[in-house]
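Note sheet for the following structure.
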Amino acid sequence: MSGTITLKTKRLVLRRYTTKDVETLYHDYGCNKNMRTYTGWNPYPSLEATKELVENTIKSYENPRTYSWAIEREGKMIGTIAGYDYHEQENTIELGISIAQPYCHQGYASEAMQAVIDYLSLNEKIKTIKAWCARENLGSKKAMEKCGMILESVDRNALKVEDHTYDLLNYVYRSDVL
């Protein structure tokens, strides 16, 4: 188990958070209501909450089962990706990703997800990687499918965000069936 290590792709660097990320996370994600259209939650509701979250994430890197990256393109943070809810007995983990709006629909999500899926399955030996998205979130759906994730189930009307209700598409990647 190595936890969050630097991962590099053709266009991206996935790295650990630093305190320099607080402003970007708050302004590009926390202040942008569109970033939570299909999730309904805001992990960065205030500058102080964002600072606390980043500091806690940095401390959590001591745990070799912490998987939390800032996604960087040409020196600028353009997104986040993390593995969470690791279950040792089932050897499963769930992925979550956010890409800042100006960088959506350029293949960055699938590029980052593929790097993390490869790392978690090949290096960390995690057998099952899960992720979900709202049915209407076509970008996330496409990114998961491009990474070899398979639609496992649909939870009807499972996500309520303000006045909208969405079906959740539950995807899975199983390294033991390859």
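Please treat every number below as a calculation from the coordinates, not as lab data. The shown structure was predicted, so the numbers you read here are calculated from the model rather than taken from an experiment. Positions of Cβ are generated from backbone atoms using ideal geometry, with glycine treated the same way; all protein chains shown enter the neighbour counts.
Data for the structure
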| item | result |
| --- | --- |
| Theoretical gain in end-to-end length, ASN91 to LYS76 [0.36 nm per residue, Cα-Cα removed] | 2.1 nm |
| Two-site FRET efficiency, LEU138 against GLU62, from Cβ-Cβ distance with R₀ of 41 Å, rounded to 0.05 | 0.60 |
| Length released on extending from LYS127 to GLU55, taking residue separation times 0.36 nm less the Cα-Cα span | 23.0 nm |
| Between segment 104-151 and segment 1-70, the Cα center-to-center distance that results, in Å | 17 Å |
| Neighbour-limited loop hits for GluC sites (Glu not before Pro), segment 48-77 (at most 11 other Cβ within 10 Å; DSSP other than H, G, I, E, B) | GLU62, GLU74 |
| Length released on extending from TRP41 to LYS10, taking residue separation times 0.36 nm less the Cα-Cα span | 8.1 nm |
| Residue pairs, from the table LYS20/LYS142; LYS127/LYS160; LYS33/LYS141; LYS125/LYS160; LYS33/LYS160; LYS8/LYS76, whose Cα atoms sit over 23 Å apart | LYS20/LYS142; LYS127/LYS160; LYS125/LYS160 |
| Cα-based convex hull volume of segment 19-164 per residue, rounded to whole Å³ | 125 Å³ |
| Whole-number percent relative contact order across the chain, with pairs defined as alpha carbons under 8 Å at least 6 apart | 20 percent |
